[in-house]
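The values are calculated or read from the model by the stated rules, or taken from the named source; none is laboratory data. Here the structure is a predicted model, which means the values were calculated and not measured. Here the Cβ positions follow ideal geometry from the backbone for every residue, glycine too, while neighbour counts run over all protein chains shown. Note: accessible area is taken over every heavy atom of the protein model, side chains too, but ligands, DNA and RNA are not part of it. Shrake-Rupley method; radii C 1.70, N 1.55, O 1.52, S 1.80 Å.
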Amino acid sequence: MLVNETETLTIKDVLSAFPIHPKSSGKKLILRTYEFSRKAHEGQKRASGIPYIQHCLATAKVLATIGMDARTVSAGLLHDVPEDTEITIAEIEKKFGEDIAFMIEGITKLGKMKLKIDAQEAKLENWRRMFLAMGKDIRTVVIKLADRLHNMHTLKHLRPEKQRRIANETMEIFVPIANRLGISKIKVELSELCFMYLKPDDYKKTKELRDRLVCESEEYIETTVKLFKKQLKDSNIEVIDIYGRVKELYSLYNKLEKYNGNINRIYDILAFRIIVKNEVMCYRVFGEIHKNYKPMVRRIKDYIALPKPNGYKSIHTIVFGPNGRRIEIQIRTQEMHFEAEHGIASHWLYKEKTKGSWRQYLSHKKQEKEDEKQVEWAKKLKDWQKDLGNNPDEFIEGLQVDFLKNHIFAFTPKGDIIELAEGSSIIDFAYAIHTEMGNTVTGARVDGTMASLDSTITNGSVIEILTDKNRKGPNIDWLKFVKTSHAKNAIRKYIKNSEQLLS
Ligand code: MN
């Protein structure tokens, strides 16, 4: 658990939560912001009766734990100062600089946002605002998630109708954001807490079931881990860690709902994680597991070669394990493991080049590559905003498809991966490569066979776009079947421009 609401925190707990020790300048900053926040909130109490500063410390500790940098942690300590005290953002800027003031301004704005979740339209408007805040500085949203996590942990001190409202809002807005940013530790904890408040009966039933499964599986997990260790060792495969676990509470509930409560249809109730040094080792383990245990058909997923849209990497396979029991095996490197739990937050961690026990752990990670990734993220967010412009309808339409729905991957003949929304057409693919290619596309060969412009792309296909330089431009009818907002906007823009030329 990232938050333990019964423990009284000190600033030392925050400092020792960092996976890599912060530099002395970072440490000084944290101590200064802590003192400032403590004085500002002096005398204020939470609904539970504990001093307000405990909430700030808890938020900061979550941020430190998931790998955010010292400045973000400091902003976490200060996040409620302008909202709840006389101190202004201008004063914070004078004392702690522009960067921290900017994050806190974002948090304060997000806090004042009226998040409505009843009407579909209002819900999407929330997304829009959240998304704009995120595009300016993604750290703001990560602070908001940490803040919300502590609030959810202390929800029992509020009135029941307020509990429901906040839990509902969290489930609708913050859980999907945590998921999209790949911060699975926060996602799992938030969704479980929401589940408890929103469906107390189902929660209780599922929890009892899970507790029983945990108890019953204990011995099997222990012997299986031993067996895997031995088998891999005999094949000269060096393993860093192996452990088994029962499926998380809320995802267990969702799977049970999907299969009408039939637990025998859930094959990944027990999952074993095998953590190794590098990618090559992942594939060696994968081979070794399949040599010893028969895999289930169509249940092999290589998210290393084809990562999920949120960056998740691992190899998953479901096999008939020891005693013929169906189990899931997840194979990943340490680095993939850390990223799987902390998502976007881990990108800040890599930027801290301080010595520490984690240095070795992360040393093979290339700094430049991380920076590239960060730039890619920022660029993507900027593009989205630019594309979606000021028309909220188009923005919402784009958000639903680009941000919330599932993605597929297709390849260019050279093997470049193009990521698209599910249901995308040849036209979407062409525009994803280049606007000019979209404007002049006349046809395509999909896996070597000619395909029409409106055909839907399936995951993993190789697509060769055919163009004609003499083509006048996109056809307005394309708007009927294109899926991505990027393609839609490019088509609209082209048509608008050519209309202006005519008039
Ligand atoms: Mn707060």
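Structure values in brief
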read-out	value
Any chance M1 is within 23 Å of the chain's Cα centre (by Cα), of a type in the set (A, V, I, L, M, F, W, C) and either more than 17 Å from V142 (Cα to Cα) or outside the structural domain of L158 (by TED's automatic domain parsing) (or both)	yes
Residue in the stretch 271-282 that is touching a strand residue (DSSP E or B) at 6+ places or on another chain (Cβ under 6 Å) and part of a helix (DSSP H, G or I) present	yes
Test result for I107, within 16 Å of the ligand (Cβ to nearest atom), assigned by TED's automatic domain parsing to the domain that holds N151, at negative phi and at pLDDT below 90	yes
Residue check, L181 more than 16 Å from the ligand (Cβ to nearest atom) and surrounded by 16 or more Cβ atoms within 10 Å (Cβ to Cβ)	yes
In the stretch 24-62, the residues that are open to solvent by 50 Å² or more (accessible area, probe 1.4 Å) and touching a Lys or Arg at 6+ places or on another chain (Cβ under 9 Å)	R32, P51
Number of the condition not met by Y52 [criteria: (1) at pLDDT below 85; (2) within 16 Å of the ligand (Cβ to nearest atom); (3) aromatic (F, W, Y)]	(1)
When residues of the stretch 433-475 are limited to those that are among the polar types (S, T, N, Q) and farther than 30 Å from E499 by Cα, the one least open to solvent (accessible area, probe 1.4 Å)	S461
Residue tally, condition closer than 24 Å to S25 by Cβ and away from the ligand (no atom under 14 Å from the Cβ), over the stretch 40-49	0
Hits in the stretch 63-87 (condition: of a type in the set (S, T, Y) and either open to solvent by 10 Å² or more (accessible area, probe 1.4 Å) or more than 16 Å from the ligand (Cβ to nearest atom) (or both))	T65, T85
Meets criteria (part of a helix (DSSP H, G or I) and either under 12 Å from Q330 (Cα atoms) or open to solvent by 50 Å² or more (accessible area, probe 1.4 Å) (or both)) for F286	yes
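The rows are residues; the columns are (1) in a helix (DSSP H, G or I); (2) open to solvent by 50 Å² or more (accessible area, probe 1.4 Å); (3) of a type in the set (D, E).
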residue: V214; (1), (2), (3): yes, yes, no
residue: S217; (1), (2), (3): yes, no, no
residue: V225; (1), (2), (3): yes, no, no
residue: F228; (1), (2), (3): yes, no, no
residue: Q231; (1), (2), (3): yes, no, no
residue: D241; (1), (2), (3): no, yes, yes
residue: G244; (1), (2), (3): no, no, no
residue: S251; (1), (2), (3): yes, no, no
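Table: residues versus (1) within 16 Å of the ligand (Cβ to nearest atom); (2) modelled with pLDDT under 95; (3) of a type in the set (K, R).
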position	(1), (2), (3)
K116	no, yes, yes
R128	no, yes, yes
I143	yes, yes, no
V214	no, no, no
S217	no, no, no
